[in-house]
1. Taking the options LYS82, LYS73, name whichever one is under 22 Å from the mean Cα position of the chain (by Cα) and either modelled with pLDDT of 70 or more or part of a helix (DSSP H, G or I) (or both).
2. Residues that are in a helix (DSSP H, G or I), closer than 14 Å to LEU214 by Cβ and of a type in the set (Gly, Ala, Ser): does the stretch 101-118 have at least one?
3. Restrict the check to the stretch 26-45 and report whether at least one residue is under 19 Å from VAL218 (Cα atoms), modelled with pLDDT under 80 and not in a helix (DSSP H, G or I).
4. Within the stretch 209-226, can one find any residue that is surrounded by 15 or more Cβ atoms within 10 Å (Cβ to Cβ), modelled with pLDDT of 90 or more and more than 20 Å from the chain's Cα centre (by Cα)?
5. Looking at the stretch 125-174, which of its residues are at pLDDT below 90, within 25 Å of ILE112 (Cβ to Cβ) and of a type in the set (Ser, Thr, Tyr)?
6. Before we move on, is VAL58 surrounded by 12 or more Cβ atoms within 10 Å (Cβ to Cβ) and modelled with pLDDT of 75 or more?
7. Residue check: is SER68 over 24 Å from CYS148 (Cα atoms), polar (S, T, N, Q), at pLDDT 70 or above and in a helix (DSSP H, G or I)?
Amino acid sequence: MRNIINLLKYDFGKYHTSKSVIFYVIGIIVLLFNSMGLFIKLPIAAQIISVLNVSFIVTFLIITFIRSIIRFKSQISKEKGKLIFTFPIKSHEFMIAKIIEFIIIQGIIVIIANIMSLISRNDFMNLISTTSIAVMLGTTVAYITIICFITIFLSYIKNTGLCVLAVIFGGGIIQSFIESIIEGIVSFFPYIYIKFGTFISIDIIDSIINLIWLAFLVWLSIYHLDKKLDII
C-alpha cells in the first residue's frame with residue numbers, strides 16, 4: 001500500500017504539475033465559465049450553453065484519457081521505466097496506482113461539473129450529470145483495457161509502432177470476440193438492471209461478467225509486466 005501511495009505522489013508531482021497544471025487550470029476555468037452560463041434562465045440561451053458545457057466536459061475527459069494512455073506507454077518503456085522499476089515496486093502496485101490515478105483525475109473533473117450543475121438548478125443538470133458520469137465510467141473501462149493490452153503486446157512486440165497497431169487491431173478483435181461471448185452468456189439470464197437518473201441503466205449480470213473479464217485482463221497484464229516485459 002505504501003508503494004502505491006508513493007507512486008501516486010510521484011505521478012501527481014511529476015506529471016500533474018508545471019505544464020500539466022496549466023492544462024488543468026485552463027480546463028477548470030473554461031468549465032466554471034461555461035457553468036456560470038447555466039444560471040441563465042432564458043430557455044434558448046440556457047439550452048445552447050448546456051449543450052456546449054456537455055461537449056466541453058466530454059472533450060476534456062477524452063483528452064485526459066488520451067494523455068493518460070500516452071503517459072502509461074512512456075512509463076513502461078525502457079527509457080523511463082528504469083527510473084521507476086529499479087525501486088522495490090511490484091508490478092501489481094504499479095498497475096493499481098495507474099488505475100487509481102486515472103480515476104482520481106476523471107473523478108475530480110466530473111465532481112466539479114456536477115457541483116456547478118447542481119448549484120445552477122438548470123433544466124439540463126440531469127443531462128450534464130449523467131453524461132459526465134457515463135463518459136467517466138466508459139473512459140475508465142477503456143483505459144484499463146487499453147493499458148492492459150499495451151503491457152501484454154509490448155511483452156512480445158518491441159517496436160512501438162507495431163505495438164500500437166497490435167493494440168488497436170489485435171486488442172479490438174479480442175475485445176469484440178469476448179464481448180460476443182459475454183453477450184451470448186447474458187442472453188440466458190433475465191434482464192436485471194439498476195437505473196441511474198433518466199438516461200443510464202446498468203445490466204447487473206452483464207456488468208458482473210465484464211468486471212470478471214476486466215479483472216482477468218488486469219491480472220494477465222500484471223503477469224506480463226512482472227515476468228515477460230523487459231524494462232530494466
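The values are calculated or read from the model by the stated rules, or taken from the named source; none is laboratory data. Since the model is a prediction, treat every value here as computed from it, not as a measurement. Using ideal geometry, Cβ is built from the backbone for each residue, glycine included, and neighbour counts are taken over all protein chains shown.
1. On the way: LYS82 fails: under 22 Å from the mean Cα position of the chain (by Cα).
Just a single option satisfies the conditions, and that option is LYS73.
2. Quick first cut of the stretch 101-118, residues in a helix (DSSP H, G or I) only: 101-118.
Add one more test, that the residue is closer than 14 Å to LEU214 by Cβ, and what stays is 102-103.
With of a type in the set (Gly, Ala, Ser) added as a condition, the list becomes none.
Taking every residue of the stretch 101-118 in turn, none turns out to be in a helix (DSSP H, G or I), closer than 14 Å to LEU214 by Cβ and of a type in the set (Gly, Ala, Ser).
3. Narrowing the stretch 26-45 to residues under 19 Å from VAL218 (Cα atoms): none.
Within the stretch 26-45 (the criterion being under 19 Å from VAL218 (Cα atoms), modelled with pLDDT under 80 and not in a helix (DSSP H, G or I)), the answer is no, since none of the residues qualifies.
4. yes
5. Correct list: SER129, THR130, THR131, SER132.
6. Working: surrounded by 12 or more Cβ atoms within 10 Å (Cβ to Cβ): yes; modelled with pLDDT of 75 or more: yes.
Considered against the rule, which asks whether it is surrounded by 12 or more Cβ atoms within 10 Å (Cβ to Cβ) and modelled with pLDDT of 75 or more, VAL58 comes out as yes.
7. Details: over 24 Å from CYS148 (Cα atoms): no; polar (S, T, N, Q): yes; at pLDDT 70 or above: yes; in a helix (DSSP H, G or I): yes.
No.
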